[in-house]
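> My structure is below; once you've seen it, I'll send some questions.
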Amino acid sequence: VSHLLGIKDVTADDIQLIFKTADQFKEVINRPIKKVPSLRDITIANLFFENSTRTRLSFELAEKRLSADVVNFSASSSSVSKGETLIDTVNNILSMKVDMVVMRHPNPGAAQFLSKHIDAAIVNAGDGTHEHPTQALLDAYSIRERLGDVNGKKVVIVGDILHSRVALSNIFCLQKLGAEVMVCGPSTLLPKYIHTLGVKVETDLDKALAWCDVANMLRVQHERMDIKYFPSIREYTMQYGVNMERLKRLEKPITIMHPGPINRGVEITSEVADSEQALILQQVENGVAIRMAVLYLLANRGVRSSEEQSS
Ligand code: CP
């Protein structure tokens, strides 16, 4: 069985195949009749052990556009609260003849753990601070759509790199596609291993914005942003928030991205978030086509891990 557990294990050829397939599905979902029968015989369970708006709805829409049967599971209203384990929960769901599992979980490595214990294709919809592969795919796809290609582009990821699964998956995806990647944030929010990832590191946002073609602004994770990481939200905004004044000082216009949910007025002002330079809603739109492509290719065994390819 093939899975999509993280971008680290996916080849550049696989990513290009996902993009070409997404191009076709993007045409489909812009037609008056938005559905195709591609996954008519497939049943997919969406297991969300952590909150989500975009990813959960986007997967569900992608599955329905492909004519799959869909069941949704949310941990907060399930028997997990009675102490049922992850493997028992998933095996019970699979015994109802489910073919694929899309899972978001707060623990890093949860999707990989599950893939070793159950007999179904797994798509990681975000596992703790580890990876969020479909977010990285839709981000890179949106850059390709706006700027023509990802290869050779300079992309800075700004903010809480330490806790961000979006940052890690984006770094892997952008590098595989030939982009130059920089991370920018306070040193307390940069992981110690950052220098092993082949990225540039910058702590001055204005220098980072002057360097890049694209700035991907991460959400300030209020739940983690205590004094240990930064003195205050206000100071964070002053040093690492993007606003029009900062963008107007640049020699060339840059593209602004954000995975959502946005803290308006913290890491990004409303004026920037709602401007022509922002790609934020196009990212969300592209998420459906990307997830259709991933599900379709996995159901047809079209995405293989690099390990499988070399064997
Ligand atoms: N970008 C993202 O993963 O958003 P959700 O947490 O709402 O799914």
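Readers should treat all values here as calculations from the given coordinates under stated rules, not as data from a laboratory. It should be emphasised that the depicted structure is a prediction, and the values quoted were computed from it without experimental measurement. Glycine also receives a Cβ, built like all others from the backbone with ideal geometry; neighbour counts cover every protein chain displayed.
> Taking springs between alpha-carbon atoms closer than 10 angstrom, which of PHE230, PHE172, PHE19 fluctuates most in the Gaussian network model of the chain?
It is PHE230.
> Next question, about the same structure. Express the relative contact order of the range 166-289 as a whole percentage, based on alpha carbon pairs under 8 Å and six or more residues apart in sequence.
This gives 23 percent for the range 166-289.
> Top mean-square fluctuation among LYS228, LYS64, LYS34, Gaussian network model of the chain, C-alpha springs under 10 Å?
Of LYS228, LYS64, LYS34, the most mobile in the Gaussian network model is LYS228.
> Normalized C-alpha radius of gyration of the range 82-162, against 2.2 N^0.38 Å?
Rounded to two decimals, the normalised Rg is 1.42.
> Another question, if that's okay. Apply the Karplus curve 6.51 cos²θ - 1.76 cosθ + 1.60, θ = phi - 60°, to the phi angles in the range 244-249 and return the couplings in whole Hz, x for Gly and Pro.
With coefficients 6.51, -1.76 and 1.60, one gets 5, 4, 4, 5, 5, 6 Hz.
> Sum up the charges of everything whose Cβ sits under 11 Å from the Cβ of LEU281, counting Lys and Arg as +1 and Asp and Glu as -1, but leave LEU281 out.
With Lys, Arg at +1 and Asp, Glu at -1, the neighbours total -1.
> A follow-up question, please. Please go through the range 1-108 and write out the GluC sites (Glu not before Pro) that DSSP classes as loop and that have at most 16 other C-beta atoms within 10 Å.
GLU84
> Placing one identical point scatterer on every Cα of the range 1-63 and ignoring solvent, what is log10 I(q)/I(0) from the Debye formula at q = 0.15, 0.24, 0.27 Å⁻¹?
With no solvent term, the Cα-only Debye profile gives -0.66, -1.33, -1.29.
> In whole angstrom, how far apart do the alpha carbon centroids of the range 1-43 and the range 68-101 sit?
Cα centroid to Cα centroid, the span is 24 Å.
> Quick one: check the C-alpha center-to-center distance for the range 225-256 versus the range 144-168, whole angstrom.
Spelled out, the Cα-based centre of one part sits 16 Å from the other.
> Using alpha-carbon pairs under 8 Å, 6+ residues apart, how would you state the relative contact order of the chain in percent?
Value for the chain: 22 percent.
> Could I ask something else about it? At 27 Å minimum axial length over the Cα atoms and a Kyte-Doolittle cut of 0.0, report the qualifying DSSP H helices in the chain, or say none.
Long hydrophobic helices here: 280-299.
> About the Cα centre of the chain, what is the dipole size in debye to 20, counting +1 per Lys and Arg Cβ and -1 per Asp and Glu Cβ, all else neutral?
That gives the chain a dipole magnitude of about 280 debye.
> If we count other beta carbons within 10 Å of each Cβ, what is the order of THR237, THR85, fewest first?
With the fewest neighbours first, THR237, THR85 line up as THR85, THR237.
> Related question: Could you list which residues have their amide H under 5 Å from that of LYS200, counting only those 5 or more apart in sequence or on another chain, with H placed in the peptide plane?
Here the answer is VAL181, MET182, VAL183, since their amide H atoms fall under 5 Å of that of LYS200.
> Springs between alpha-carbon atoms under 10 Å, Gaussian network over the chain: tell me which of ASP88, ASP14, ASP69 tops the mean-square fluctuations.
Fluctuation is largest for ASP88.
> Okay, next question. Taking the dipole about the Cα centre of the chain, with the C-beta of Lys and Arg at +1 and of Asp and Glu at -1, give me whichever of GLN16, THR196, VAL155 is farthest to the positive side.
After comparing all options, I get GLN16.
> Starting from a Cα-only point model with no solvent, please compute log10 I(q)/I(0) by Debye for the chain at q = 0.15, 0.16 1/Å.
Treating every Cα as an identical point scatterer, log10 I(q)/I(0) equals -1.21, -1.34.
> Then there's this: How are the alpha carbon pair distances in the range 133-283 distributed across 5 Å bins from zero to the largest one, expressed in percent?
2, 10, 22, 25, 23, 14, 5, 1, 0
> Using 1/(1 + (r/R0)^6) with R0 = 45 angstrom and r between the beta carbons of ASP88 and GLU276, what's the FRET efficiency to the nearest 0.05?
For ASP88 and GLU276, the calculated efficiency is 0.35.
> While we're on this one: Need the list of lysines near LYS252 for cross-linking: C-alpha distance under 27 angstrom, and skip anything on the same chain fewer than eight residues off.
The qualifying lysines are LYS153, LYS154, LYS176, LYS200, LYS207.
> To continue, here is another question. Taking N as the number of residues in the range 19-101, what value does Rg over Cα atoms divided by 2.2 N^0.38 Å take?
Normalised by 2.2 N^0.38 Å, the Cα Rg of the range 19-101 equals 1.26.
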